[in-house]
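Here's the structure, in C-alpha cells; my notes come after.
Values quoted throughout were computed directly from the atomic coordinates according to the rules given, and no laboratory measurement underlies them. All of these numbers come straight from a predicted model, not from anything done at the bench. Cβ placement follows ideal geometry from the backbone for every residue including glycine, while neighbour counts extend to all protein chains displayed.
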Amino acid sequence: MKITKHALFRMQQRGIEEKDVASTISSPDDSGESFGRRKLARKKIEDKTLEVVYIEEDDKVVITVYWLEDT
C-alpha cells in the first residue's frame, strides 16, 4: 500500500492511523467503485465510519481518507 502526500496530510489532519487505512482496504465492511479508476472502501471503526479512496496499480495507492458523517 502506498499513501500519497495528500492522503498523509489528511490522515494527520483527521486523526486517522495507517493501520486503520490498511484494515479498511484489506477487509472493508462495504466497498464499491468511484469515478474513473478510483475505488471506495468503508469500515466502521469504534463509533465512526472510515472511507478510503484508492486506485489499484502495482500496489494500492491511497488518494484520500475521511470520516463519514453517521446519520
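Key figures
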{"item": "Share of alpha-carbon pairs per 10 Å distance bin for the chain, given as whole %", "result": "22, 59, 19, 1"}
{"item": "5 angstrom amide H check on S34, placed H, neighbours 5+ away", "result": "K39, L40"}
{"item": "Alpha carbon centroid spacing (whole Å) that separates the range 39-61 from the range 8-29", "result": "7 Å"}
{"item": "Reachable lysines from K2, criterion Cα separation under 18 angstrom, eight or more residues apart if same chain", "result": "K19, K39, K60"}
{"item": "Cβ-based net charge around L8, under 12 Å, with every Lys or Arg adding one and every Asp or Glu removing one", "result": "+2"}
{"item": "Average Cα contact separation per residue, the chain, under 8 Å, 6 or more apart, as relative contact order %", "result": "35 percent"}
{"item": "Cα→Cβ-extended label distance, 7 Å offset, between Q13 and W67, nm", "result": "1.5 nm"}
